[in-house]
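Rule-based calculations on the coordinates, nothing more; no lab input. Since the structure is predicted, the reported quantities are computational estimates derived from the model, not experimental observations. Cβ placement follows ideal geometry from the backbone for every residue including glycine, while neighbour counts extend to all protein chains displayed.
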Amino acid sequence: MKLLFEYPFQAKELFINRKSLKKSLLKSLLPSSAKLKIALLGGSTTSDIRQVIELMLLSAGIIAEFFESDYNRYSEIVLFESGPLWVFQPDIIYIHTTSRNINFCETSEINFQKYINIWDSIKSNSNAIIVQNNFEELPIRTNGNLELSTASSAGKIVNELNSLFSAHVVGQRGFYLNDIKYLSTFVGTSNWFDAAYWNNYKIPYGTSYTPYVARSVFSIILAHLGKSKKCLVLDLDNTLWGGVIGDDGINGISIGEGNAQGEAYLDFQRYVKSLAVRGVLLAVCSKNDFETAKEAFSHPDSVLKFSDFSSFQANWEPKTDGLRRIAQELNVGLDSLVFIDDNPVERDLIRKQLHMVSVPEIGSDVSNYSRHIDINGYFESAKILKEDIEKISHYADNKKREASESQFETYNDFLLSLDMVSRIATFDDQNIDRITQLVNKTSQFNLTGKHFAPQELIGRINSPSYISFYGRLRDKFGDNGLVSVISGSICDQTVSIDLWVMSCRVVKRDLEYAMFDQFVASCIKLDTENIVGVYIETNRNGLVGDLYARLGFKQTSKSEWLLTDIYNFKNTNAIIKVEL
C-alpha cells in the first residue's frame, strides 16, 4: 500500500481505491495518532487534491480534518468571509492557486500585492502555517522566443511572480512555497496542462499529476511537523558504482568520466553528497567485506568518501539487521531511514520485514535514483539552518566520545572527563528558528509530543506569562549547538511545563538536570510555589517516562506531576558547568 503514495505514482489505482484505502488506513491507526486541521483554499476544484493529501497523511499516522473554500473564493474567504475559517482554527492553510488565477491584465506587482494581503490577513487572525503554490510556466507563448523579454507578456509575469514569491519566503516563519513550477516542468508543461479537464472540471492539471502535488504538500507538512526522514542508507555494488567491488577490485568498478555508466554513478554520488552537505545523514548497508567496501571509497573518481558515512554496515548478515543497527547507532527511529538498493529482492524483503523503513521502487537504472528521492520529498526541510549543516560533524564527535567512554571505570567519571559546558538562556529572536526546528523534530526526548507553530513560540519571547529557556552544550570533543528547550506557562503561583525537548545526540549527558535547575531558579525568582510537569505518553517518548519522578515530582494524574516546596529544591546537576 505504501508504494501507492510514492513516486512513480499509480494515480488511477489510487483514485479507484481511495475509499477502501482510507478505511484500511483508519483501522491501522493508534488512538494516540496525531491530528491536524487543514484549510484548503482553492483557485480551482480541490476535492481530488484533498482526498489524496488525506490518504498520504493517514499513511503517516496523521488524521486530518479539512475546511474547503468554495471554488475560486480563496481570497474572499480570508479577506471578507473569514468567520468560518477562523472558527475552524486551522493548523495549516494551503492556498492552492495556479497560473489560472493570475490576472494577466495587471502587472506582476499588483498580482503579488493581492497575495500579500491574503497572507497578512492570515497572520493577523491565525497561528496557522501557510503553504502557498507558486506558478507553472505556461504551455503557450504569444511572443515566441521573445516571451520572457516582452514587457507585460504572460510568461514574463509568471516568472516575475515566482521570483517575488521566492524572495518573500526568505526570512519568513511558518510560510512555505509548494513548487508546482518544478513539478510541471518535471512532467512537461504539455502534459501538465489539460484544457479539456479545466473546462469541464476546473482542475488545472491532468488527474495523473494530482499525486505529484499532493506528495509535495505532504512532504512540506511532514517537514513542519519534524517528521522528515533523517538518514539515507545506501547499498554499494551497482548502487554507488557499477560492478562488484569484491570481484572486480577498486580498478574494475565503474565510476567516473569516460563512459555513460561511470558518469551516471558519478552523478548519483554527487547528488548524495549534496544531501549530506545540507545535513542528511548517510549510512551504508551492504553485503560485503568491510575492508574491501571501505577501500572502494578511495577510488580517485569517487565523490563520496568513507568519512561521509555516519554508520557503515558492510558484512554478510541480513540487511534487516544492518538497518536496525544503523538506527540504533544513530539513535533515530527506523521510520527515519530511506533505503536505496538496486536489488528488487532486497527492496521487497525490507518492505515486508521492516515496513517502517522507506524503500522507493527505484528500478535498476542509476540515472533515475535521484528523482525518486527528490519527488518523494523524503528529506524536505522546513528551513536549512547552521545546525543542519553541522549535523554530520556532531555524529562524528559522538563516535569519539563513545570511543573514550571505555577508558573510564564509571560512567560518571566519563561524563566528568568531557569537560561539558552549557549555555542556558531565554528564548530570543536570534535562535527562534532553531528552537522551532528542535521542538518540531524531536520525538524521543519530548515530554508531551506536541508540535508548535513558529508564531506560538515567538509569542513566548520576553512574555511575562512564560518561563522559556534553550540550552547549548559543548565539550572537549566539539560543540553540539542548541540541543534543548524547556518552557512553561505561569498561572497564579504555579508554573506548568508544557514543552520540554532535547536532541537525541546529547541524551544521557545530564543536560536535562542543568536545564531544570535553571528553570527552578527562575520560578523561585518569580515567587511561584509549585511546578506542574506534563508528560503525555506517545509511541516514541518512553525514554522520558520516569523523568519527573527522578526530579522529585509526585504523580497527580495520568499526565501530570507536581513538585511543591521548590524553595528547598536541591540542584540536580553536578557534572555540567553552566554559563548564563
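Using only the alpha-carbon atoms of the stretch 392-470 as identical scatterers, what base-10 log of I(q)/I(0) does the Debye formula give at q = 0.24 Å⁻¹? Log10 I(q)/I(0), no solvent term: -1.12. When the Cα positions of PRO8, ALA60, LEU21 are compared along the charge dipole of the stretch 1-68, LEU21 comes out farthest toward the positive end, with charges on each C-beta of Lys, Arg, Asp and Glu. Look at the dipole of the stretch 231-375 built from charges on Cβ: of PHE297, ALA264, ILE326, the Cα furthest out on the positive end belongs to ILE326. The ratio of the alpha-carbon radius of gyration of the stretch 140-285 to the globular-protein estimate 2.2 N^0.38 Å is 1.44. Per-peptide packing, taken as the mean over residues of other Cβ atoms within 10 Å, places 73-83, 40-50 in the sequence 40-50, 73-83 from highest down. A cut-off under 15 angstrom between Cβ atoms defines the neighbours of SER463, and their net charge, with Lys, Arg +1 and Asp, Glu -1, is -3. Between the beta carbons of SER307 and VAL187, assuming R0 = 45 Å, the FRET efficiency works out to 0.75 to the nearest 0.05. Placing unit charges on the Cβ atoms only, positive for Lys and Arg and negative for Asp and Glu, gives the chain a dipole magnitude near 1100 debye about its Cα centre. Start at zero, step by 10 Å, and the Cα-Cα distances of the chain spread as 3, 15, 24, 25, 20, 10, 3, 0 percent across the bins.
Quick one: Kirkwood hydrodynamic radius for the stretch 231-375, alpha-carbon pairs, angstrom, one decimal? It is 15.1 Å.
Highest mean first, the peptides 295-301, 2-8, 206-212, 256-262 sorted by other C-beta atoms within 10 Å per residue fall in the order 206-212, 2-8, 295-301, 256-262.
Dipole magnitude for the stretch 389-579: about 440 debye, using +1 per Lys or Arg Cβ and -1 per Asp or Glu Cβ, origin at the Cα centre.
Summarising the amide proton neighbourhood of LEU499: residues at separation of 5 or more, or on other chains, whose placed amide H is nearer than 5 Å comprise SER487.
Two-decimal Rg/Rh of the stretch 62-152 from alpha-carbon positions, Kirkwood Rh? Ratio value, two decimals: 1.05.
Within the straight-line cut-off of under 21 Å between alpha carbons, the lysines reachable from LYS156 are LYS114, LYS181, sequence neighbours fewer than 8 places apart in one chain being disregarded.
Convex hull volume per residue, computed on the Cα atoms of the stretch 300-392, equals 140 Å³. Under the convention that each Lys and Arg Cβ holds +1 and each Asp and Glu Cβ holds -1, the size of the dipole of the stretch 1-158 around its Cα centre is about 640 debye. Applying the Karplus relation 6.51 cos²θ - 1.76 cosθ + 1.60 with θ = phi - 60° to the stretch 300-306 yields 3J(HN,Hα) values of x, 9, 6, 6, 7, 10, 4 Hz, where x marks Gly and Pro.
Using the Cβ-Cβ distance between ASP565 and ALA521 with R0 = 22 Å, the FRET efficiency computed as 1/(1 + (r/R0)^6) comes to roughly 0.90. Rounded to the nearest whole Hz, the Karplus-based 3J(HN,Hα) values (6.51 cos²θ - 1.76 cosθ + 1.60, θ = phi - 60°) of the stretch 251-266 follow the sequence 8, x, 6, 9, 7, x, 6, x, 8, 4, 5, x, 6, 5, 5, 4, with x at glycine and proline. Spatially, the stretch 192-211 and the stretch 65-86 are offset by 23 Å when compared through their Cα centroids. Per the Kirkwood formula applied to alpha carbons, the stretch 2-224 shows a radius of gyration over Rh ratio, Rg over Rh, of 0.97.
Look at the dipole of the stretch 105-239 built from charges on Cβ: of ILE203, TYR176, GLY155, the Cα furthest out on the positive end belongs to TYR176. When the alpha carbon gyration tensor of the stretch 231-275 is reduced to an equivalent ellipsoid, its three semi-axes come out at 18, 14, 7 angstrom, largest first.
Straight-line cross-link reach from LYS305 at under 19 Å between alpha-carbon atoms covers these lysines, not counting any fewer than eight positions away in the same chain: LYS273, LYS287, LYS294, LYS391, LYS399, LYS400.
Restricting the trypsin sites (Lys or Arg not before Pro) of the stretch 130-181 to loop positions (DSSP other than H, G, I, E, B) with no more than 14 neighbouring Cβ atoms within 10 Å leaves nothing.
Over all distinct alpha-carbon pairs, what is the Kirkwood Rh of the stretch 389-579 in angstrom? About 17.1 Å, per the Kirkwood formula over Cα pairs. As a rough guide to protection, the peptides 319-330, 553-564 ranked by mean Cβ packing within 10 Å, highest first, stand as 319-330, 553-564.
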